[in-house]
Structure formats: C-alpha cells, structure tokens
C-alpha cells in the first residue's frame with residue numbers, strides 16, 4: 001500500500017468516526033420531545049427537522065413535529081406532518097405501537113379547523129387501532145355533535161366516561177352541554193353534579209348548571225343567581241357577565 005492509499009484510508013476512517021459520533025434520528029427525536037415537554041415548540045421543531053433529515057421514514061418525528069406545529073396553531077403544517085406519519089405507517093409492514101396517535105392528532109387538527117366530518121373519520125380510525133383511549137371518544141363526541149348529532153355525541157361521552165372510570169370532570173361537562181342543547185336539562189344537571197363532585201371548585205360546571213337550571217324553569221331565579229355567583233367566585237369569567245345581565 002503506497003502513501004496516497006494509506007492517506008485516503010486514514011481520511012475514510014476519520015470521517016467514519018465523526019459520522020458515527022453524531023446523534024441518531026431517534027436521539028434527535030427524543031431531544032425534541034424533551035423540548036415539547038418544556039413548551040419550547042420552535043426548538044423542538046428544529047430538532048425534529050434534524051431527525052427527519054437523518055431518517056425520512058421516522059414516523060415518530062413527523063408526529064411529534066406535527067404536535068409542535070399544532071401547539072403553535074400552525075394547523076396546515078401540523079396536518080401535513082400527521083398525514084406524512086400516516087402515509088409511512090400505512091406503507092410499513094411493521095407493528096407500530098401507539099399508531100392511533102397519528103390519526104388522533106390529525107383528527108384534533110381537523111376539529112380545530114372546523115372539519116368535524118374529517119375529524120370523526122380520523123377519530124374512528126384511531127379507535128380501530130386502540131379502543132381503550134377515552135380521550136379519543138371524548139373528542140369524537142365533540143365533533144359528532146356537528147356531524148352525527150346529539151345522540152351519537154352523548155354515546156361517545158358515555159363510552160369515554162366508562163373508559164375513564166368516571167374520573168374525568170371534562171367529560172361530564174361536555175356531555176351536559178350537549179344535553180342542554182337538546183333541552184334535556186335534568187340530565188344535564190345530573191351530569192354537572194358529577195363533574196362538581198369530582199372538583200368542587202369547578203367554576204365552569206357551576207356556570208353551566210346555572211344555565212341548565214335557567215333553561216328548566218325558564219328564568220334566572222334565586223337559585224340560578226346563587227349558582228352564577230358561585231361560578232364567579234371560583235374565577236369563571238363568563239359568570240360575571242351573566243350575573244350583571246340577569247341577576248342585578
């Protein structure tokens with residue numbers, strides 16, 4: 001081996017060492033997720049960009065970058081990233097843990113963009129991949145109120161309540177709001193009472209209970225005004241306007 005060959009071989013090994021010392025696509029994705037947990041979304045996006053540059057088939061990086069864009073209300077970019085993660089997932093023959101997240105996240109973006117029909121389709125696909133995640137049913141219930149109607153919406157909320165073992169106050173609140181729209185005030189009040197039992201300081205629940213009571217009796221009576229006052233005392237801003245309008 002002559003001197004030139006030896007030199008070229010040495011350069012090759014040096015380049016190999018430096019290349020192998022750089023962070024992998026997975027490492028960059030994990031670093032990006034840490035930035036996500038710190039709400040440093042733009043820094044996270046830069047790390048996910050680098051992760052995707054290292055491995056253009058990194059579904060996790062696309063999904064995580066989509067989440068960062070969604071947090072920044074960059075919905076078009078978020079939708080594109082979630083769709084790319086889905087495309088790669090559909091093409092792969094591997095078992096991908098938590099693949100439901102790709103459809104669930106894209107469903108959330110579509111709901112934020114008022115594409116409730118598209119959101120329901122994505123949530124349904126997410127449920128087919130994992131039917132144990134109650135947040136999917138909760139969010140499909142919100143979208144279904146505009147798509148399949150109140151009955152389908154309440155059914156989704158009931159499924160979410162069952163999967164959550166009745167532990168999430170938000171579900172009872174959202175269920176009550178749909179029941180109010182269908183003028184089922186007694187059922188709405190019962191649902192709100194469950195939300196308040198979970199969190200006695202849930203100002204928003206007291207506000208909607210006041211509205212439900214008002215809808216039931218047809219006016220803002222003393223009980224309604226006391227409920228609004230309770231809501232206001234717990235910091236729910238909309239209660240103040242209602243108190244000023246109906247109770248003074």
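Coordinate-derived values only; no laboratory data. The structure presented is a predicted model; accordingly, all values stated were derived computationally and were not measured. So basically every Cβ, Gly included, is an ideal-geometry build from the backbone, and we count neighbours across all protein chains shown.
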Worksheet item: By how many degrees, between 0 and 90 and to the nearest 10, does the Cα long axis of helix 116-129 differ from the longest principal axis of the chain?
Response: 70
Worksheet item: Given a Förster distance of 51 angstrom, what is the FRET efficiency for residue 112 paired with residue 222, based on the Cβ-Cβ distance and rounded to 0.05?
Response: 0.80
Worksheet entry | At 1.306 mPa s and 10 °C, Stokes D of segment 167-248 from Kirkwood alpha-carbon radius, µm² per second | 130
Worksheet item: Once both axes come from the Cα atoms, what is the angle between helix 134-147 and the longest principal axis of the chain, in degrees from 0 to 90, rounded to 10?
Response: 60
Worksheet item: How high is the relative contact order of the chain, in percent, counting Cα pairs under 8 Å that sit 6 or more residues apart?
Response: 8
Practice prompt. Output the relative contact order of segment 88-166, whole-number percent, from Cα pairs under 8 angstrom with separation of 6+ residues.
Written response: 24
Fill in: Measure of compaction for the chain (Cα Rg per 2.2 N^0.38 Å)
1.41
Fill in: Reciprocal mean inverse distance between Cα atoms of segment 107-194 - Kirkwood radius, Å
12.8
Worksheet entry | Protection proxy ranking of 31-40, 113-122 - average other beta-carbon atoms within 10 Å, highest first | 113-122, 31-40
Worksheet item: Which value in Å is the Kirkwood Rh of segment 71-159 over different Cα pairs?
Response: 13.1
Practice prompt. For segment 167-248, calculate the relative contact order in percent as a whole number, restricting contacts to Cα pairs under 8 Å that are 6 or more residues apart.
Written response: 25
